[in-house]
Amino acid sequence: MTPAKLRTWILVLGGTLIAAIAVFLVYGRWQGRRLGRDVPDSLGSTIQQSTEGFTHSESRGGHTIYTLHASKAVQFKSDGHAELHDVSITLYGAQGAPSNRIYGSNFDWDPVHGIARAMGEVQIDFQGSASPGPQAGKAPVEEGESRNTVHVKTSGLVFNKQTGLASTTEKIEFRLADAAGSATGASFDSQTGIIILSADVAFNSSVGGNPLTVRAHHAQFDRGSRLLYLLQDVTDYADSHASSDQATVSFRADGSAYQVQAEGHVILTGSDGQQINTRIAHIDLGPKSEPERATVDGGLLYVANSAARLLHGSASSGTLLLGPQQTIRHAQLHDAVSVVDEEKLPPVDAGKSKANSPESTTRQLQATQVDIDFSSGPERRPQADHILAAGGARLNVHTLYAKTPPEDTTVQGDQLSATLVDGEVLSSLRGTGNTSLVTVSPTGVTQSSKGDNLLLTFAPPRPVAKPKAKAGEEKADTLTPQPAAQLQSAVQLGNVTLVQRNAASPAGQTPAVTTATAQRASYDAASQVVQLSGSPRIQESSGELSAALIDVARTTGNADATGGVKATYRQGNGQQNIVFAGPGPVHVVADHAHLDHATNLTTFFGKASEPARLWQGSDSVSAPVLELSRTHATLSAHGLGGDAAAVSAVFTGSPSRPQAPGNSTTSLPRATPPAKPGQPSVVRLQSRTLFYAENEHKAVFGGAVVAQTSTGVLHANFMDVYFSPEAGAQSPGKPSQGSQVSRIVARGAVELQQPGRKGTGEELAYTAAEGKFMLTGSSAAPPRLTDQVRGTVTGNALIFNDRDDSVEVSGGASKAVTQTRVAK
């Protein structure tokens, strides 16, 4: 290749290159002119060509509705559609400010109908406030955006310029600053600001460090009112689960939620199996969308079951107050509140244990309103510290035992306030206003008390040893607490009334009822004693007893009364009564008394200066100790330490009448004339002991007995006094109206003293019906009657008549004087 040939080739190649460039320039101009001819005039006057493509805007009422911008237009189809690249659609709010944007790579534009259809993936930004938006065809940037901006990615999006509605039937994905979600099918109305997610809605976020998942069949968001509507929603938050037929979520301007309203089959479930069913639930949220207050209405059902406990409750409505980390601080239930807690106790081997251990305990609380204060327990689980039930509050405890019938305890009051330990163990229970406590024992005995206020305190449960683990099993804990606390004390104040009703008898007889009243009643579990104070009084159908203080042993039914004891007994309910003088009640006063429930024996004690005293009408008995048996209708009187003349008795007979056959008075033998007609006869007796039996109508005086009447004094070691119904005092169908002394038998060292007369012997028998006295002795010491006027009479038996003053010796009538004394 010579230099000349090289220059020739360069010139040829240069010419060829110039020719090619000229051809391309001509072709390019031809193509440009053809493209210009192909652009239809129907794009309208509002379309502006630019170096970056074209822009189409729509305005109404002086406000821009939307602006469509594309970087270039590839071509226009024969049907008038245009294919746009790198498209950005800006949607304006009602005030004309840009608020939402749609952008994608390829769109099909129908200028005739104003419809833009995405041919591929589309992204949308929904903004709650004006903020810098993404550039056309570029991904959004987070810097400078508001926290409530929603970024959406989908496909198949269709935008209608006439309605300002953007919609798709394809799957969409969206995200916020702290959340993300998805759905199938969606639409957005730029004029109303309403976003609709058609189906399969899923939302994931985090609140307070806990995951939040929301699923719904359908969702709708109103940007103007910032309300989110959900249909068939399901929410999982932390360890809880919630669902409803529909829910409404209200948002603040910063994008945080402040309120949730759920309706229709609302179900709230906790991690430990607790579940709440209601019709309407309203939840108020805090600044960070954390739950602060929940209100349920339209009926409430609560269930919490575990292996050891079944808990369920109901109410018309309720309110929950939540604290930090969504812990429950307070709960309030309204109207027809009922809570049932069934506790299953561990089984006890009946063959190894003789104790009558409980198998299960069921507690039911009912009230018009119940307030519960909670604290944070282990693992931040809520545990109840205090419960307040108001409005006819009622707590029933039903305990099933292994070997006996169940036991029922019911506590009622206008208000019941309970304090708990560890959320389950009852520490105290306080009742105010019309309180009552009713217990039905396994034996069928019903004990009840009523008062203005009530306080029950409970001892903490004692730990019991668990059984040793078998070979191959994990080692069990050494100790485990008993499931329930035991009653430690009970105090009831203000107008207290206690009633004890015995179990019904197999024969169908009416059970005995005992009633006690006081201003204060206290019970101590350690001693099993109920103490009554403040004018206490025990009442039965046949009597009553009062004192300054009364202690009743709950296990035995025995009672001790102290200070100013007063008792009254009447005939009734099969109880016999002591009848001395008439049908009236028997009264007793003493310093203190003991009531033995098993034997129905009451022992009254006096003071050193004032013995116990029993009286009926004008008849009376007094002694340091009086023992009254209601069952056997007996009276025993005696002193302490062998006191001489400890017992004093006064018996008053009927008024004396003119003597007639069959009539008599209750006087002792006397030398003076009988008492004047109309005057009652009085017998005063003193002795060491006295025993009276109503069935025998007999009083036995023992030890230095002294009997005194208006006509004389009788001394003896023992004296039996017999009583009989007063003549004419008893008639068919009527109870006894009284009794009188019918016979007296004095025994041992008998001495009769009357004015001007003295008789001695071993035994003296007096019969009131005959008015005769028989004085006898022994062969060594025959009876003797000494009269200052008539001398001395003796024999095997001396019988003298109190009516005519005659004397019989050894059965023969005689007025002879064997020994005569002449008065000086």
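Scan the strands (runs of 3 or more DSSP E) fully inside the stretch 495-547 and keep the ones with 2 or more residues being closer than 27 Å to Gly584 by Cα and of a type in the set (Ser, Thr, Tyr). Step through it out loud before you land on a result.
Working: elements: 513-524, 529-533, 537-540, 543-546.
Answer list for the stretch 495-547: 513-524.
Taking the stretch 204-228 as the region of interest, how many residues are under 41 Å from the mean Cα position of the chain (by Cα) and either free of Cβ contacts under 8 Å to residues at least 60 places away in the same chain or outside any strand (DSSP E or B) (or both)?
Our first condition is that a residue be under 41 Å from the mean Cα position of the chain (by Cα); within the stretch 204-228, this holds for 206-216.
Narrowing further to those that are either free of Cβ contacts under 8 Å to residues at least 60 places away in the same chain or outside any strand (DSSP E or B) (or both): 206, 208-209, 211-216.
Of the residues in the stretch 204-228, 9 are under 41 Å from the mean Cα position of the chain (by Cα) and either free of Cβ contacts under 8 Å to residues at least 60 places away in the same chain or outside any strand (DSSP E or B) (or both).
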Pairs returned, first residue in the stretch 107-121 that is within 20 Å of Thr154 (Cβ to Cβ) and touching a residue at least 24 places away in the same chain (Cβ under 8 Å), second residue that is aliphatic (A, V, I, L, M) and open to solvent by less than 20 Å² (accessible area, probe 1.4 Å), beta-carbon separation under 6 angstrom, 6 or more apart or interchain, are Phe107/Leu84; Phe107/Val87; Phe107/Ala116; Phe107/Ala118; Trp109/Ala82; Trp109/Leu84; Trp109/Ala116; Ala118/Leu157
Top-ranked residue in the stretch 109-137 [being modelled with pLDDT under 75 and among the small types (Gly, Ala, Ser); ranked as most open to solvent (accessible area, probe 1.4 Å)]: Ala130
Could you list, in sequence order, all residues of the stretch 203-228 that are buried (at least 17 other Cβ atoms within 10 Å of the Cβ) and of a type in the set (A, V, I, L, M)? Val207, Leu212, Val214, Ala216, Ala219, Leu228
Which of the numbered conditions does Glu170 fail, given that it passes all the others? Conditions: (1) under 54 Å from the mean Cα position of the chain (by Cα); (2) part of a strand (DSSP E or B). (1)
Restricting attention to the stretch 180-202, and to residues there that are touching a Leu at 6+ places or on another chain (Cβ under 8 Å) and either touching a residue at least 24 places away in the same chain (Cβ under 8 Å) or of a type in the set (A, V, I, L, M) (or both), which single residue is surrounded by the fewest Cβ atoms within 10 Å (Cβ to Cβ)? Asp189
For the structure I just gave you, tell me whether Ala469 is of a type in the set (A, V, I, L, M), at pLDDT below 80 and open to solvent by less than 70 Å² (accessible area, probe 1.4 Å). yes
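Only one residue in Ala507, Ala567, Ala561, Ala526 is modelled with pLDDT of 85 or more, more than 23 Å from Ser620 (Cα to Cα) and among the aliphatic types (A, V, I, L, M), so which one is that?
Working: Ala507 fails: modelled with pLDDT of 85 or more; Ala567 fails: more than 23 Å from Ser620 (Cα to Cα); Ala561 fails: more than 23 Å from Ser620 (Cα to Cα).
Checking each option against the conditions leaves just Ala526.
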What pairs come out if I take residues in the stretch 534-553 that are in contact (Cβ under 8 Å) with a residue 24 or more places away in the chain and pair them with residues that are of a type in the set (D, E, K, R) and open to solvent by less than 40 Å² (accessible area, probe 1.4 Å) whose C-beta lies under 8 Å away, six or more apart or interchain? Ser542/Arg630; Gly543/Arg630
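For (1) modelled with pLDDT of 80 or more; (2) within 20 Å of Val682 (Cβ to Cβ); (3) open to solvent by less than 10 Å² (accessible area, probe 1.4 Å), each residue gets a yes or a no:
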{"site": "Gln730", "(1), (2), (3)": "no, no, no"}
{"site": "Ser739", "(1), (2), (3)": "no, yes, no"}
{"site": "Val750", "(1), (2), (3)": "yes, no, yes"}
{"site": "Gln753", "(1), (2), (3)": "yes, yes, no"}
{"site": "Ala768", "(1), (2), (3)": "no, yes, yes"}
{"site": "Pro782", "(1), (2), (3)": "yes, no, no"}
{"site": "Ala797", "(1), (2), (3)": "yes, no, no"}
Ala649: passes all of (1) farther than 28 Å from Glu762 by Cβ; (2) at pLDDT 90 or above but (1)
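Is it the case that some residue within the stretch 248-256 is part of a strand (DSSP E or B) and more than 20 Å from Thr149 (Cβ to Cβ)?
Step one: list which residues in the stretch 248-256 are part of a strand (DSSP E or B), which gives 248-251.
Cutting the leftovers down to more than 20 Å from Thr149 (Cβ to Cβ) gives us 248.
Checking the stretch 248-256: at least one residue is part of a strand (DSSP E or B) and more than 20 Å from Thr149 (Cβ to Cβ).
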So, in the stretch 166-179, of the ones that are touching a strand residue (DSSP E or B) at 6+ places or on another chain (Cβ under 6 Å), surrounded by fewer than 18 Cβ atoms within 10 Å (Cβ to Cβ) and among the hydrophobic types (A, V, I, L, M, F, W, C), which residue ends up farthest from Thr90 (Cα to Cα)? Ala179
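Looking at Pro624, Pro611, which is the one that is under 22 Å from Arg688 (Cα atoms), out of contact with any strand residue (DSSP E or B) (no Cβ under 6 Å at 6 or more places or on another chain) and at pLDDT 85 or above?
On the way: Pro611 fails: out of contact with any strand residue (DSSP E or B) (no Cβ under 6 Å at 6 or more places or on another chain).
Checking each option against the conditions leaves just Pro624.
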Output the qualifying pairs, or none if there are none: Cβ atoms under 9 angstrom, residues six or more apart or on different chains, first residue in the stretch 156-173 and at negative phi and β-branched (Val, Ile, Thr), second residue assigned to a loop (DSSP other than H, G, I, E, B) and open to solvent by 40 Å² or more (accessible area, probe 1.4 Å). Thr163/Gln191
Filtering the stretch 295-325 for residues that are more than 29 Å from Pro211 (Cα to Cα), open to solvent by less than 40 Å² (accessible area, probe 1.4 Å) and of a type in the set (A, V, I, L, M, F, W, C) leaves a count of 1
With the first residue restricted to the stretch 295-319 and required to be in contact (Cβ under 8 Å) with a residue 60 or more places away in the chain, and the second required to be assigned to a loop (DSSP other than H, G, I, E, B), Cβ contacts under 8 Å at 6 or more apart or on different chains are Ala308/Pro483
Starting from residues that are buried (at least 19 other Cβ atoms within 10 Å of the Cβ) and over 26 Å from Val706 (Cβ atoms), keep the ones in the stretch 588-628 and report whichever is nearest to the chain's Cα centre (by Cα). Leu595
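Condition check ((1) among the hydrophobic types (A, V, I, L, M, F, W, C); (2) surrounded by fewer than 17 Cβ atoms within 10 Å (Cβ to Cβ); (3) over 18 Å from Leu628 (Cα atoms)) across all residues:
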| residue | (1), (2), (3) |
| --- | --- |
| Leu685 | yes, no, yes |
| Leu690 | yes, no, no |
| Asn695 | no, yes, no |
| Thr709 | no, no, yes |
| Val713 | yes, yes, yes |
| Asp720 | no, no, yes |
Restricting attention to the stretch 229-246, and to residues there that are closer than 20 Å to Lys288 by Cβ and touching a residue at least 24 places away in the same chain (Cβ under 8 Å), which single residue is surrounded by the fewest Cβ atoms within 10 Å (Cβ to Cβ)? Asp239
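The values are calculated or read from the model by the stated rules, or taken from the named source; none is laboratory data. In this text the structure is predicted, and so the values were computed from the model without any measurement. Glycine gets a Cβ as well: all are built from the backbone with ideal geometry, and neighbour counts include every protein chain shown. Quick note on the areas: whole protein, heavy atoms, side chains included, nothing else; ligands and nucleic acids left out. Shrake-Rupley method; radii C 1.70, N 1.55, O 1.52, S 1.80 Å.
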